[in-house]
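Participant: Right, I'll just put the structure down here and ask away after.
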Amino acid sequence: MSSLLSATLKGLNSDSDCEISEYRDQHFRGNLDLQEKALKASCTLYVGNLSFYTTEEQIHELFSKCGDVKRIIMGLDKVKKTPCGFCFVEYYTRAEAEHAMRYINGTRLDDRIIRTDWDAGFKEGRQYGRGRTGGQVRDEYRKDYDAGRGGFGKIVQMEKKNQEAAIY
């Protein structure tokens, strides 16, 4: 009976909003164990599904409700150097970052439902999109129109330009 009670209490202590997701950064320098350890100790969050028009000030206003924000690093298109829909938010403590994971993940910012995930810690160069065209990979293959993320996906935009060029 005590093992059942202990299992129940352990379940009450876990917080699925603050657990480490299955995603792992393929560009992380080090093995999976090191990455796992860094994620569990991190005070840095990856924030995705942002509008290209969301400002650093808006992000600071929202995330500072959960604690003192140390810094915000906006994700940039590596070619155009314009925002491309993600950022990193670094807190001073793990507890503050956990509050943000718990209370901000899945909320609306600029009419978009944003998502947060643990990040192993920002390193210079990671602020740039990894897609072939400079932005995020997910925006290259998107076939739907999304005004907050630059219209159609990059590949669809290039196909349309090629079709228009062939007509003239």
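Participant: Applying the selection to region 117-142, what residues are touching an Asp or Glu at 6+ places or on another chain (Cβ under 7 Å), within 14 Å of Arg29 (Cβ to Cβ) and either of a type in the set (A, V, I, L, M) or at pLDDT below 80 (or both)?
Facilitator: Of everything in region 117-142, just one residue is touching an Asp or Glu at 6+ places or on another chain (Cβ under 7 Å), within 14 Å of Arg29 (Cβ to Cβ) and either of a type in the set (A, V, I, L, M) or at pLDDT below 80 (or both), namely Ala120.
Participant: To continue, here is another question. Return yes or no: is Glu61 outside any loop (DSSP other than H, G, I, E, B), surrounded by 14 or more Cβ atoms within 10 Å (Cβ to Cβ) and modelled with pLDDT of 95 or more?
Facilitator: No; evaluated as a whole, the condition is false for this residue.
Participant: Also, quick follow-up: Can you run down the residue pairs with Cβ atoms below 6 Å, 6 or more apart or on separate chains, where the first is in region 92-110 and under 18 Å from Thr54 (Cβ atoms) and the partner is open to solvent by less than 30 Å² (accessible area, probe 1.4 Å) and of a type in the set (Gly, Ala, Ser)?
Facilitator: Hits for this filter: Asp110/Ser51.
Participant: When residues of region 69-111 are filtered for being modelled with pLDDT under 95, surrounded by 18 or more Cβ atoms within 10 Å (Cβ to Cβ) and assigned to a loop (DSSP other than H, G, I, E, B), how many remain?
Facilitator: The qualifying residues number 1.
Participant: Looking at (1) under 14 Å from Trp118 (Cβ atoms); (2) at pLDDT below 75, which is the only condition Leu9 fails?
Facilitator: Of everything listed in (1) under 14 Å from Trp118 (Cβ atoms); (2) at pLDDT below 75, Leu9 misses just condition (1).
Participant: So if I check each of Cys66, Cys84, which one is under 29 Å from Tyr145 (Cβ atoms) and in contact (Cβ under 8 Å) with a residue 12 or more places away in the chain?
Facilitator: That would be Cys84, the only listed residue that is under 29 Å from Tyr145 (Cβ atoms) and in contact (Cβ under 8 Å) with a residue 12 or more places away in the chain.
The values are calculated or read from the model by the stated rules, or taken from the named source; none is laboratory data. Keep in mind it's a predicted model, so treat the numbers as computed, not measured. All Cβ positions, glycine included, derive from the backbone under ideal geometry; neighbour counts span all protein chains shown. Heads up: the accessible areas ignore ligands, DNA and RNA and are worked out on the full protein's heavy atoms, side chains in. Shrake-Rupley method; radii C 1.70, N 1.55, O 1.52, S 1.80 Å.
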